[in-house]
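Following: one structure in C-alpha cells, then a few remarks.
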Amino acid sequence: MGRKGFEFIEMPVRTRAEKPREVGLTFHGDWGKSLREVEDLCSSLGEYLDIVKLAVLTGRLMDRDLTRRKIEVYTEHQIRVFPGGMTLEAALACNRVAEFFDEAEDLGCTVVEVSESEVNMTPETKLKLVEMGVERGFQVLAEMGPHHPDEPFYVQHTIRRAREFLEAGAWKIVLEGEVNAMMRPWEDPAGADRMLNLVDGIGPEHVIVETGGGWPFIEWMILNYGADVNFGNVRADMIMPIEHVRRGLNRGTWFGRFASL
C-alpha cells in the first residue's frame with residue numbers, strides 16, 4: 001500500500017497484522033456488486049478487507065464469467081472469497097455436493113462455509129462437509145447457529161461442536177449474527193457472560209462474530225478482545241468505521257484531552 005496522508009499523527013493502536021491476516025479479520029457480503037463496484041471497493045478499502053462472501057445464492061443468480069472476474073479482482077487484493085453457506089446447503093438439498101466443490105474451486109474461491117442456516121442436517125453430515133472441504137484444499141468456515149433463532153447459544157454444547165469442527169480442520173468458527181444479537185451482551189450481563197464464556201471456550205483467534213448487534217456489539221467485542229476481533233457480515237459503509245475502532249479511535253482516545261500550542 002502507498003503512503004498514507006497525515007502520517008505524522010500517531011494512532012492509539014499503532015500496528016495491525018499485515019495481509020493475509022489470520023486475526024483481526026473483516027468479512028463483507030457481496031450481494032451482486034458490479035465489476036466496477038468491486039474494483040472501487042478494493043482500491044479504496046481493500047487494505048482493511050480480508051474475506052468476501054457471495055451472499056446467499058448470489059453466485060447462482062449472477063453471470064458466471066462476471067463472478068469469476070470479480071473473484072479475480074478480490075484475489076489480486078489478497079481478499080479471500082467464498083460462496084455463502086446457503087449455496088452449499090442448497091447443493092446438499094439437491095444432492096450435488098461434489099459439483100459444489102468443483103464449481104467453487106473453478107471460480108477461484110479459496111474458502112467455503114459449512115452452515116445450517118436454513119437446511120437441517122445431522123451433526124455427522126455437517127462434520128463430513130467440513131472434512132470434505134478441507135480435503136479439497138479449502139479453508140473452511142463452520143458456522144454455528146441458525147437464521148431466525150428461538151434461543152441463544154448453549155455455551156458448552158456450542159464449544160464442544162466448535163472444537164469438533166476445528167479438530168476436523170476447520171479454519172474459523174462463525175457465530176451467527178442473529179443469535180449474537182439475541183444475547184445483547186453490550187447491555188445484558190447474562191448475555192455478556194454467555195458470550196465471553198463462549199468465545200473464550202472456543203478461542204478468540206478461532207472465532208468470527210457476525211455483527212448482528214450493530215455498533216453496540218462491535219464496540220463491546222473490541223472493548224473485551226482488542227483490535228484482533230474477527231468480524232463477519234460487515235457492510236461496505238462499516239469497513240472504515242470498524243477500522244477506526246480497531247485503531248482505538250473511539251471513546252477514551254484524544255477526545256476531551258486538553259491540548260495547546
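No lab work stands behind these numbers, since they all come straight from the coordinates. For clarity, every value in this text was computed on a predicted model and none was experimentally measured. FYI the Cβ positions are ideal-geometry reconstructions off the backbone, even for glycines, and counts take in every protein chain you see.
Exposure proxy check: Cys94, Cys109 ranked by fewest other beta carbons within 10 Å? Show your work: numbers first, answer last.
Details: Cys94 10, Cys109 25.
Ranked by crowding around the Cβ, least crowded first: Cys94, Cys109.
From the phi of every residue in region 26-35, what ³J(HN,Hα) in whole Hz does the Karplus formula 6.51 cos²θ - 1.76 cosθ + 1.60 yield, where θ is phi - 60° and glycine or proline is x?
Coupling constants for region 26-35: 10, 10, 10, x, 8, 9, x, 4, 6, 4 Hz.
Suppose the chain between Asn95 and Gln156 were pulled fully straight at 0.36 nm per residue; how much longer would it get relative to their current alpha carbon spacing?
Working: separation 61, 0.36 × 61 = 21.96 nm, distance 3.20 nm.
Result for the pair: 18.8 nm of gain on full extension.
Report the full-extension gain for the segment Ala17 to Lys4: residue separation times 0.36 nm, less the Cα-Cα distance, to one decimal in nm.
Details: separation 13, 0.36 × 13 = 4.68 nm, distance 1.67 nm.
Gain in length upon complete extension: 3.0 nm.
For the chain, find the longest principal axis of its Cα atoms and tell me its angle to the long axis of helix 123-135, 0 to 90°, nearest 10.
80 degrees
Just in region 1-102: which GluC sites (Glu not before Pro) are loop by DSSP and have at most 10 other Cβ atoms within 10 Å?
Values: sites: Glu7, Glu10, Glu18, Glu22, Glu37, Glu39, Glu47, Glu72, Glu76, Glu89, Glu99; in loops: Glu7, Glu10, Glu18, Glu22.
Passing sites in region 1-102 are Glu7, Glu10, Glu18.
Can you give me the long-range amide H partners of Val207? Hydrogens built in the peptide plane at 1.01 Å from N, cutoff under 5 Å, separation of 5 or more residues or another chain.
Amide H neighbours of Val207: Ile173.
Considering only the other residues whose Cβ falls under 15 Å of the Cβ of Gly203, what net charge follows from Lys and Arg at +1 and Asp and Glu at -1?
Working: positive: Arg160, Arg161, Arg163, Lys172; negative: Glu22, Glu164, Glu167, Asp200, Glu205, Asp228.
With Lys, Arg at +1 and Asp, Glu at -1, the net is -2.
Could you list which residues have their amide H under 5 Å from that of Glu143, counting only those 5 or more apart in sequence or on another chain, with H placed in the peptide plane?
The list, which skips near neighbours in sequence, is Val114, Ser115, Val174.
Rank these for me by crowding, Thr58, Thr122, Thr110, going from fewest to most other beta carbons within 10 Å. All intermediate terms of the calculation are to be shown ahead of the outcome.
Working: Thr58 19, Thr122 9, Thr110 16.
Ranked by crowding around the Cβ, least crowded first: Thr122, Thr110, Thr58.
Give me the one-decimal nm value for the distance between modelled label points at Leu249 and Thr125, 7 Å along each residue's Cα-to-Cβ direction.
4.6 nm
Helix 155-167 versus the longest principal axis of the chain: what is the Cα-based angle in degrees, 0 to 90, to the nearest 10?
Tilt relative to the chain: about 70 degrees.
Specify the angular offset, from 0 to 90 degrees and rounded to the nearest 10, of the alpha carbon long axis of helix 64-76 from the longest principal axis of the alpha carbons in the chain.
The two axes meet at around 40 degrees.
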